[in-house]
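Below is one structure, written out as structure tokens; comments come after it.
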Amino acid sequence: MNLLCETPHPSRRAVLMTGGALFAWAYMPRFARAADNRDPRLIVVVLRGALDGLSAVGPVGDPDYAGLHGDIALSLTGPHAALPLDSFFAVNPAMPVFARLFKANQAAVVHAAATGYRERSHFDGQDVLESGFSGPGHVATGWLNRALENLPAGDRVATLGGLAVGPSTPLVIRGAAPVLGWAPQSLPEPAGDLAARVLNLYRHRDPVLAVALQKGLDADRMALDDQMGAKAMKPKGGLDSAAGMRQAAQGAARLMSADDGPRVAALAFDGWDTHVNEGGATGRLATLLGGLDGAFEEFEKGLGERWKDTAVVAITEFGRTAQINGTVGTDHGTGTVVLLAGGAIKGGRVIADWPGLKPAQLYQQRDLAPTSDVRAVLKGLLADQFGLSAAVLGDKVFPDSAAVKPMANLVA
Amino acid sequence: MAAPTKVSTAPDPALIAFNRFGLGARPDDRDKLTGDPRGYLKAELRQPDIAMITYDGPAYADLLGSTPAIQASMAARFQRKLDKDMAKAAAKPAMINAPGMEKTAAIPNAGAMPTAPAKAPAPAQPPVAAPTKPATPPVEAILYKAEAQARFDKALKAEVGFVERLVYFWSNHFCVSVAKDNVVRASAGAFEREAIRPFVLGRFADMLTAVERHPAMLFYLDNQQSVGPDSRAGKNRQRGLNENLAREILELHTLGVGSGYTQADVTSFARILTGWTMAGREGRLGEPGSSVFNANAHEPGDAVLLGKTYPGGGMGQAEAALDDIARHPATAQHIATKLARHFIADDPPAAAVARLAKVFTKNDGNLRALAATLIDMPEAWSTPLDKMRSPFDYVAAVRRAAGPGPANDPGQSLAWLNALGEPLWQPPGPNGFSDQADSWASAEGMKVRLDIAWQAARQVKDIGNPDDMLDALIGPSASPETRQEIARAESKQQGLALLLMAPEFQRR
């Protein structure tokens, strides 16, 4: 069963129906950005632990869904009814902001998506997702950093560099292009010129630490310059808590909304490995999804008038088993969702070549079969937002992936 | 981040002993280490029970074994439920005298924990109408703090701290996370004392078995709920297999990812592991909170794992499988690589890895032999100190250098670890915290280290001369630039903070 699931949208449908042949036309460079006053931004949220795409955006119209996902399946009826996106898919009720953005054509879903990785190790899966290589074992640089690195020399986006949120830098944005690191902090500021002296020592003895510390100081200064001040930024929880996700998004949005702030950011949220008592419309996963939804809201609020040029994409290493396991959770699987939000997104659509959920339609008779490549989505965003060519994307940003064509028309 | 371009001179053997192998020198330590750093490290390996934490001293009154710790957590949970039920009942006056109400009796107040196990409900007491919020922290928080205190104290008391470093290495290799639930929160410290420390100079296979059957691990990786589909429990209840523990044992604890096992091996191993669980509060399977084998949940029949058939028959099936996996060549390679990465370099020399793997195999996973091999490795003494101290190592080194000493509240150290992105016993996933220098030399991490160095220096009452401290902590190999920067500091506090930020103090 090949069901094309999206709300009617003629141009989009036409492109999808004709397959890959027409993709090439879409990549005329958009260097006229200054003229049209666009100032694009891209935020990548990595959901570590493998998000259950079937519980985030449930195929409530699929006759096999409720049976497979059992007690945790989303439903359009009952006290915690899922929020319908179209006649086939509904989003988890923990995500009202996403549903609102979807209605306003500022959010979209790509369903039954996966990277090229087909094993089920979190850590290899995350390495593939973040490195952008086709297999594990590449942990030095990430695709988002290489995208910056491959922008034309002097490009404003490249010059402003990237932003890494959290105490450690996610692999996706590690690499040669400059990256600012920032996380909410709560320790007292050193008095006097201690920082300058340490920097001076590092410049002479340890240039790597000099660069790191300088960036840390810069990020802190930028975040604290804001009128909200330091008090508002006390840590409220780790990046596996709803409050922590919201707060991380708040800080990132503030840094990115500045005229000379980074245009590209990466955040990593933990805790999506729901083997036990995953919950459906309520419960553990719903709490996390609520945190992600809160992050979307903070991005929208914090970016203000820049939201219209912003694309946010949430990705995860792989999906989870279509059938719930023996402990009302799900084990490591394959196909899952990519969530897109932002004023720049051509939203209101669930983009899916739906594979179906009958036993023979499942990947290895256990997982949602992948019919879209996550890399195609990411390439589409990078092409539309920053004008990167399909050739560069297929060679430098996602090495050896020329066969994976950028998904066209993701950006309005 | 670009490849390190820092200047590296031939490292000083004493600095290697204290920083690469240990937890950093305390102000008088370098004097003791005269002439023979290797011998000094080996002497630490020979001290009896060097890895163990003892219960002596009033500071450790709250330390419990995992079984009573989990019982205390269960009791507190049960009490919360009672309080909630009673609050509900109080809201409905008609229900108060309903039959059966008297039977759900109060157990000793959770505030009196953690010494009261909850085997059976205590004699009935009249229910208190409105439960008041206890002023004491939850029992799991008391236990966590007591365990953290014991761990920091041990780090401060160690001579060099090589064995402690080995404990941290294995604790991270076999990590659990207190973010999982209250069972793990109550028992994560006890897990390290019971399943890691006794074996850190013993056999790998023994540590593996102790780890995988410990309630903290069974809960962290969900095996306590995994039920064989064809077991009695599986047929009666709507529960089944959970393959989380099986997968992570193969991928992370032993063979390593990509070593040749298949999805079928994972599923089969999950079946083999069914029945490894923890006795619940009612004690039907054994002492509540203890690790037990539940034959009713165990998948019956033979099972094939990595091409070998393990005959059905209870707990021994998984024990035999673990024993074989512990001896597997891929396990030797995996462990050797991680150890060499931890103690020598992010990209460890291939020869060092090969030698460690060989010693592992030849000595049947004897970890004391492995530790001695590390000490004897020329690479450990010639490779530049390019790795970064992990947050715990850094905080321990700061405390050893600047105090305060043992028996002080661990709250600030724990907060530092949170800020540095390495909260104690709370890794982001079952693969533990990163062991690569890049991860800990992040922009945010360095800014936080600066703040910590300043805070630590400010708290020292009588600093003395920072130049002398440099000699005492780093020694003659300190770079001229470091020496000069400290000598020029505008205050003793600033001088000490500079010392705590110096590359010689950050790198190992």
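What follows draws every value from the coordinates through simple rules; no lab data is involved. Computed from a predicted structure; not experimentally measured. Every residue, glycine among them, receives a Cβ derived from its backbone with ideal geometry; neighbour counts consider all protein chains shown.
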>> Along the Cα→Cβ direction, 7 angstrom out, place labels at A:D218 and A:R203. What is the inter-label distance in nm?
In response: 1.4
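Suppose we take every Cα in chain A and form the convex hull; what volume per residue is that in Å³?
Per residue, the Cα convex hull of chain A comes to 142 Å³.
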> Given the pairs A:K379/A:K405; A:K301/A:K379; B:K42/B:K338; B:K387/B:K492; B:K308/B:K358, which span a C-alpha to C-alpha distance of over 18 angstrom in this model?
Replying inline: A:K301/A:K379; B:K42/B:K338; B:K387/B:K492; B:K308/B:K358
>> Rounded, prolate or oblate, given the Cα gyration tensor of the range A:124-179, with a/c below 1.5 counting as rounded?
In response: oblate
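Please compute the length gained on full extension between A:A104 and A:K358, using 0.36 nm multiplied by the number of residues separating them and subtracting their Cα-Cα distance.
Computed gain between A:A104 and A:K358 is 88.1 nm.
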> For B:V304 and A:S87, what does the FRET efficiency come to when R0 = 45 Å and r is the distance between their Cβ atoms, rounded to the nearest 0.05?
Replying inline: 0.45
> Considering every residue in B:425-436, what mean count of other chain Cβ atoms within 10 Å of its Cβ is obtained?
Replying inline: 3
>> If you take every DSSP beta bridge fully contained in the protein assembly as shown, what fraction is antiparallel? Give it as a percent rounded to 5.
In response: 50
>> So if I take the centroid of the Cα atoms in the range B:17-85 and the same for the range B:402-442, what is the distance between those two points in Å?
In response: 15
> What is the calculated FRET efficiency for A:T282 to A:A196, with r their C-beta to C-beta distance and R₀ = 45 Å, to the nearest 0.05?
Replying inline: 0.30
> Given charges of +1 on the Cβ of Lys and Arg and -1 on the Cβ of Asp and Glu, with all other atoms neutral, how large is the dipole of the range A:275-364 about its Cα centre, in debye to the nearest 20?
Replying inline: 220
> Looking at the protein assembly as shown from every direction and averaging, what is the projected area of its Cα convex hull in nm²?
Replying inline: 38.5
>> Rounded to the nearest 20 debye, what is the charge dipole size of the protein assembly as shown about its Cα centre when +1 sits on each Lys and Arg Cβ and -1 on each Asp and Glu Cβ?
In response: 880
>> Suppose each label sits 7 Å from its Cα in the direction of the beta carbon; what would the B:K358-B:D376 distance come out to in nanometres?
In response: 1.1
> Which far-off residues, 5 or more places away or on another chain, put their amide H under 5 Å from the one on A:R41, with H placed in the peptide plane?
Replying inline: A:T310, A:A311
> Using unit Cβ charges (K, R positive; D, E negative) and no other charged atoms, how large, in debye to the nearest 20, is the dipole of chain B about its Cα centre?
Replying inline: 1080
> Which far-off residues, 5 or more places away or on another chain, put their amide H under 5 Å from the one on A:A183, with H placed in the peptide plane?
Replying inline: A:G166
> If you take the square roots of the eigenvalues of the alpha-carbon gyration tensor of chain B and sort them as a ≥ b ≥ c, do you get rounded (a/c under 1.5), prolate (a/b over b/c) or oblate?
Replying inline: oblate
> So how much slack lies between B:D49 and B:R80, counting 0.36 nm per residue of separation and subtracting their Cα-Cα distance, in nm?
Replying inline: 7.2 nm
>> How many angstrom lie between the Cα centre of the range A:249-275 and the Cα centre of the range B:303-332?
In response: 44
> Quick one: which of A:74-84, B:136-146 comes out on top by average Cβ neighbours within 10 Å, and what's the full order, highest first?
Replying inline: B:136-146, A:74-84
>> I need the shape label for the range A:272-412. Rule: rounded when a/c is under 1.5, else prolate if a/b > b/c, else oblate, with a, b, c from the alpha carbon gyration tensor.
In response: oblate
>> Going by Cα centres, the range B:181-217 and the range A:158-182 are how many Å apart?
In response: 37
> In terms of modelled amide H atoms, which long-range or inter-chain residues lie less than 5 Å from the amide H of B:V178?
Replying inline: B:Q426
> On average, how many beta carbons from a partner chain sit within 10 Å of the beta carbon of a residue in B:448-461?
Replying inline: 4
>> What's the ranking of B:39-47, A:346-354 by average number of surrounding C-beta atoms within 10 Å, highest first?
In response: A:346-354, B:39-47
>> Just to be sure I understand the model, the point goes 7 Å from the Cα along the line to the Cβ. What's the resulting B:A264 to B:D467 distance in nm?
In response: 7.3
>> Suppose we keep just the DSSP beta bridges with both residues in chain A; what percent of those would be antiparallel, to 5?
In response: 40
> So what J values fall out for the range B:442-447 if you push phi through Karplus, 6.51 cos²θ - 1.76 cosθ + 1.60 with θ = phi - 60°, rounded to Hz, Gly and Pro as x?
Replying inline: 6, 4, 5, x, 5, 4
> Average partner chain C-beta neighbours within 10 Å, per residue of A:320-332?
Replying inline: 5
